[in-house]
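A short write-up of the structure that comes next.
The values are calculated or read from the model by the stated rules, or taken from the named source; none is laboratory data. Remember, it's a predicted structure, so these values are computed and weren't measured experimentally. With ligands, DNA and RNA removed, areas are computed over all heavy atoms of the protein, side chains included. Shrake-Rupley method; radii C 1.70, N 1.55, O 1.52, S 1.80 Å.
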Amino acid sequence: IVRPEVGEAEPGVFGIGAGGGGDVIGGDGACGGGQAGPDGGEAGRGLAGRAAFELSCRTADPAKPTPKENAAIERAAPLMAEARHHRLKISSGCVMAHQFRAAGPRRGRVLVIHGWRSRTDLMAAMIADLNAHGWEAVGLDLPGHGASSGRRLNLKLGVEAAQAASDWLGPFDLIIGH
């Protein structure tokens, strides 16, 4: 819930709304909460709104890839086997970062972040091309995706995962997101 008089979210509640000088995002990152209206009211705080947000944060089961995803995972297996795998702790569990060494002189380090319902394995062709051109690549499996734990992803958890990767394996010269 956003308190418009101070533009802050109440602790323990995830809320997005217009308050003070613009949009405010706050809370503990749990999937739940609602949106405050322009007058500071609790528009969207009903059971249906909370349930819809919960469902939107739930990810597909990464242990049950589609046949097309399975084929891509199999094609990526040799590259994935060469990677160093790092399990990084975040508030919702652990995320997996896969580090791929550059071929030849290193030009820099790049963080590669997949999109919704994806995983680092499905970015293997891009990572291989980056490696071939001298870039060390770190592929990050977001929460609830690939080899990372959980079945939830929201913006706060995604940012937390990217920050953990940066803290442990950065700094990064480039970040590529899909």
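Quick notes
- Probe 1.4 Å, all protein chains present, accessible-area order of K68, K156, largest first: K68, K156
- For the range 58-66, backbone phi angles converted through the Karplus equation (6.51, -1.76, 1.60; θ = phi - 60°) give residue-by-residue couplings of 6, 9, 5, 6, x, 7, 10, x, 6 Hz, Gly and Pro being listed as x.
- In sequence order, calculated HN-Hα J values of the range 89-94 (Karplus, 6.51, -1.76, 1.60; Hz; x Gly/Pro): 7, 10, 4, 9, x, 10
- Amide H contacts under 5 Å for I90, placed H, 5+ residues apart: V95
- Between amide H atoms placed 1.01 Å from N, distances below 5 Å from I175 occur with L111, all of them 5 or more places distant or on a separate chain.
- Taking every DSSP beta bridge that has both ends in the range 78-147, the antiparallel portion is near 65%.
- Heavy-atom accessible surface of the range 54-178: percent carbon and sulfur, 1.4 Å: 58 percent
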